[in-house]
Structures are given as structure tokens and as C-alpha cells.
Amino acid sequence: MTSEPQAMVDPRLEPTDKRPPAISSFQHLQPQDWVGGLFVSACSIVTGLSIYFSTFQHPLIWALAQIVLAFAMLQWFVLIHEAGHKTLFKNARLNKYSGHLASLLAGIPFECWKTVHGKHHHWTGWQDLDATTATLVPRRLRLWEKLIINVSWKLWIPLFSVLYRLNNYWNLPRLYRYFPRQKKRRQLTRNLLILAAIYAAAIYLFGFLQLLQIFGLALFLTLIMQDILILSQHTHIPMEISHGETVDPFPPDEQEVFTRSLKFPTWFSTLVLLNMDAHELHHMYTSVPGYYLHRIDYETHNNVSFWRWVWKAKQVPGEVFLFQNSHQSGLDI
């Protein structure tokens with residue numbers, strides 16, 4: 001039996017509201033190789049300089065370099081996202097090469113990212129079918145799980161962006177369950193092992209303590225920022241659950257109610273995040289490059305201030321924020 005997807009009714013969507021324009025209106029917003037090259041080149045230069053200055057013993061120079069490197073690593077995460085959608089460059093090979101380059105500092109095998117993230121967009125709105133949200137389907141938590149989740153969320157310990165990586169992109173048994181074809185399994189395994197080997201070689205050649213000095217604080221800071229960015233996009237938003245039935249995916253123009261956008265300063269959204277914070281628009285117009293999303297004249301309905309959202313979300317226990325939604329908790333986050 002096939003269940004037709006019904007987009008959830010958001011009380012903020014009134015019949016008189018402005019409706020989203022058709023994707024055909026933005027066919028001119030195509031990836032530009034020179035724009036993608038500018039972002040990759042600039043991020044590479046900033047990364048190289050911040051790594052160089054992170055080798056200095058002067059504490060102030062080292063600390064400033066670590067902060068800059070943290071933002072550079074945040075942008076590498078954004079760039080792997082764009083490359084995975086083939087919207088960073090028009091040239092397919094440039095998307096592939098830049099995706100593998102970004103994976104080094106994003107900490108995510110590119111082929112695993114591209115495959116899992118594609119499944120995420122296909123099943124957005126069905127919490128148990130979307131590989132990136134399935135682990136947050138409401139369930140009874142053990143006492144130790146509640147303790148770890150609540151303490152990590154309250155103290156800004158970036159547990160969630162670490163688990164997001166390990167569970168979705170480094171967990172081969174889980175990847176095999178979602179992608180049973182042998183060719184795809186070999187592709188994912190090969191990419192994962194190559195990236196792991198590069199990390200192991202770096203540790204062997206430079207030593208763990210040297211790498212800790214160069215990347216340690218920056219990695220901690222960028223994971224904190226990515227915790228907020230990743231969890232803001234779909235967490236605590238009501239979604240459907242298939243309960244094992246055969247269902248149809250929600251089309252992109254019906255996925256707005258299943259995601260959230262954060263309002264950052266315009267310069268930060270454009271130059272660092274490539275408008276990845278405009279997550280509703282991204283789900284509705286996946287073929288539009290992130291760096292052109294601001295050209296879409298449509299005000300989404302679940303768009304909230306970054307500071308306001310963080311303040312409200314941090315007031316809620318982690319177990320409630322992660323494993324419930326606003327219909328269950330009664331909280332407008």
C-alpha cells in the first residue's frame with residue numbers, strides 16, 4: 001500500500017501569504033566556475049596561512065590563527081556540501097576534486113557525504129527514512145544517554161557534530177544497510193579507507209602532539225559552530241514517520257515546513273556559509289548554487305535570528321530538543 005505524502009500544515013502559512021516562485025524562474029542561476037574557484041582558492045589560502053601561524057609559539061598569534069582556522073574548517077564543511085550538490089562549479093570534475101579536497105578538513109569522506117546527503121534530500125520530512133534524522137526518532141532514552149546528551153548540550157560540548165560524522169559517514173555497517181549494491185559499497189569503502197589512511201599518515205609523519213597544536217583548538221571551535229548549524233536545520237521540527245509503510249517522498253517545494261533557516265549577518269552568510277543558513281530555500285531550490293540563493297525573492301516562513309534561536313534552544317534540555325518536536329514539547333524553538 002502506497003501512502004501519498006501530505007505536507008504538514010504550518011499555522012504560519014496563511015492562504016494570503018506569498019507563495020514560493022517556481023524553480024523555472026531561476027534557471028539562469030547556474031554554477032559559475034570562477035565563483036567556485038574563488039571560494040576554494042580563498043579558503044585554501046586562509047587555511048594555509050592559519051596552519052602556518054598555528055605553528056608559532058607566541059600564544060596570541062597561535063590563538064588568533066586557531067580562530068581563523070576554525071572558520072576556514074567551517075567553510076570546508078560548506079564547500080563539501082556545495083560540491084556534493086554539484087553546485088560549487090559548473091564543471092563536474094572540479095566539483096569532484098574540490099569535494100575530495102574539502103573532505104580533508106571537513107572530516108567526511110566525500111563519496112559517503114554525497115550519497116547520504118542525496119538520500120537526505122530525497123526523504124526530507126520522513127524522519128525514519130532520512131538517514132541523517134533516523135537516529136533522532138522519538139524513543140525512550142537510557143539514564144546515561146540523557147546525562148551525556150543534556151550535559152553536552154548545556155556546556156557546548158560538540159558531541160553532536162562528531163556523532164553526525166561517525167554515524168552517518170564513517171559507519172560502514174550502517175552505510176551498507178542503506179546502500180546494498182556492491183558497486184556502491186565498494187565505492188564508499190574505498191573512499192573511507194583512503195581518507196582514514198591520509199589521516200593516519202599525517203599522524204605518523206608529523207606526530208600527534210604537533211597536529212594537536214595545529215588543529216586541536218580550531219577543530220574544537222569549528223565543531224561547536226557546526227553543532228549549531230547542523231542542529232538548527234531540522235531538529236525539533238515536526239516530521240512524518242512511515243512506521244515501515246511504503247510512502248512517497250515529499251517534493252522539494254513541500255519541504256519548507258520540515259526545515260529551518262537562521263539569520264546571520266549578510267556578510268557572514270555570503271562569504272563564509274555561502275548561504276547554507278538559508279536552509280529552507282536550499283531544500284526548495286537544490287539546483288541553485290548556495291552563493292546565489294540570496295537572489296531568490298521569497299521570504300521563508302521558518303527563518304529566525306541566529307542569536308534568538310541559539311538562546312531559546314540552549315534553554316531546553318538536550319534530550320527534549322533532540323528527541324521531541326515542537327508539537328510534542330509545546331515549545332516554539
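The values are calculated or read from the model by the stated rules, or taken from the named source; none is laboratory data. The structure displayed is predicted, hence computed values, not measured ones. Cβ: placed from backbone, ideal geometry, glycine included. Neighbour counts: every protein chain shown.
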Among (1) of a type in the set (D, E, K, R); (2) modelled with pLDDT under 95; (3) within 27 Å of P31 (Cβ to Cβ) - the single one D332 does not satisfy: (3)
Residue, nearest to Q226 (Cα to Cα), within the stretch 163-191, restricted to residues that are crowded, with 16+ Cβ neighbours inside 10 Å and among the hydrophobic types (A, V, I, L, M, F, W, C): W170
Positions within the stretch 46-78 being of a type in the set (S, T, Y) and surrounded by 13 or more Cβ atoms within 10 Å (Cβ to Cβ), in sequence order: T47, S50, S54
When residues of the stretch 222-240 are limited to those that are assigned to a loop (DSSP other than H, G, I, E, B) and of a type in the set (V, I, T), the one nearest to the chain's Cα centre (by Cα): T235
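For (1) among the hydrophobic types (A, V, I, L, M, F, W, C); (2) touching a strand residue (DSSP E or B) at 6+ places or on another chain (Cβ under 9 Å); (3) under 19 Å from V162 (Cα atoms), each residue gets a yes or a no:
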| site | (1), (2), (3) |
| --- | --- |
| P59 | no, no, no |
| G84 | no, no, no |
| C112 | yes, no, yes |
| H121 | no, no, no |
| T133 | no, yes, yes |
| L141 | yes, no, no |
Members of the stretch 85-106 that are surrounded by fewer than 24 Cβ atoms within 10 Å (Cβ to Cβ) and under 13 Å from the mean Cα position of the chain (by Cα): H85
The listed residue being in a loop (DSSP other than H, G, I, E, B) and among the aliphatic types (A, V, I, L, M), out of L88, L49, L101, L38: L88
Subset of the stretch 260-280 that is free of Cβ contacts under 8 Å to residues at least 40 places away in the same chain and polar (S, T, N, Q) - its residue that is surrounded by the most Cβ atoms within 10 Å (Cβ to Cβ): N275
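Does V316 count as under 19 Å from W156 (Cβ atoms), outside any loop (DSSP other than H, G, I, E, B) and in contact with a helix residue (DSSP H, G or I) (Cβ under 9 Å, 6 or more places away or on another chain)? Working first, answer last.
Details: under 19 Å from W156 (Cβ atoms): yes; outside any loop (DSSP other than H, G, I, E, B): no; in contact with a helix residue (DSSP H, G or I) (Cβ under 9 Å, 6 or more places away or on another chain): yes.
The answer is no for V316.
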Residues satisfying the stated conditions in the stretch 281-309, i.e. of a type in the set (D, E, K, R) and in contact (Cβ under 8 Å) with a residue 24 or more places away in the chain: R295, D297, E299
Residue count for the stretch 262-306, restricted to those that are of a type in the set (D, E) and outside any loop (DSSP other than H, G, I, E, B): 1
